[in-house]
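Novice: Pasting a structure here, questions to come.
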Amino acid sequence: MTQFEERVLRDLSELKAHMQWLVGNGNQGKMQELEGRLQKHEAASHRMGGVGAALAVAVTLVHFAFDYMRTLYR
């Protein structure tokens, strides 16, 4: 086997190890771990958007109540 072939085989072996770490070899790979983390962050982001919308509605209702009270007691 030539020196070039040995180097190619060594590089392929290293590439295979990196791919198994990235994709997984029966266990959860890094890609699956990252996808899970991304889904958790997206869920938290959607939840915070809903909380923000609910707070905006509550503040608007409070403002309407103050304006109504101001017009009643003038």
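Here, each number is a calculation from the coordinates, and none is a lab measurement. Quantities reported herein were computed from a predicted structural model and do not represent experimental measurements. Cβ atoms come from the backbone with ideal geometry, glycine included; neighbour counts cover every protein chain shown.
Novice: Could you grab the pairs with beta carbons closer than 9 Å, sequence gap of 6+ or different chains, first residue in the stretch 36-64 and in a helix (DSSP H, G or I), second one surrounded by 10 or more Cβ atoms within 10 Å (Cβ to Cβ)?
Specialist: Between residues of the stretch 36-64 that are in a helix (DSSP H, G or I) and residues that are surrounded by 10 or more Cβ atoms within 10 Å (Cβ to Cβ), the close pairs are GLY36/GLN28.
Novice: How many residues are of a type in the set (A, V, I, L, M) and in contact with a Gly (Cβ under 7 Å, 6 or more places away or on another chain) when one looks only at the stretch 15-38?
Specialist: Going through the stretch 15-38 one residue at a time, the tally reaches 2.
Novice: Next question, about the same structure. Considering only the stretch 9-35, how many residues are part of a helix (DSSP H, G or I) and in contact with a helix residue (DSSP H, G or I) (Cβ under 7 Å, 6 or more places away or on another chain)?
Specialist: Counting residues in the stretch 9-35 that are part of a helix (DSSP H, G or I) and in contact with a helix residue (DSSP H, G or I) (Cβ under 7 Å, 6 or more places away or on another chain) gives 5.
Novice: GLY26 fails exactly one of the following numbered conditions: (1) of a type in the set (Gly, Ala, Ser); (2) exposed (fewer than 10 other Cβ atoms within 10 Å of the Cβ); (3) under 18 Å from the mean Cα position of the chain (by Cα). What is the number of that condition?
Specialist: (3)
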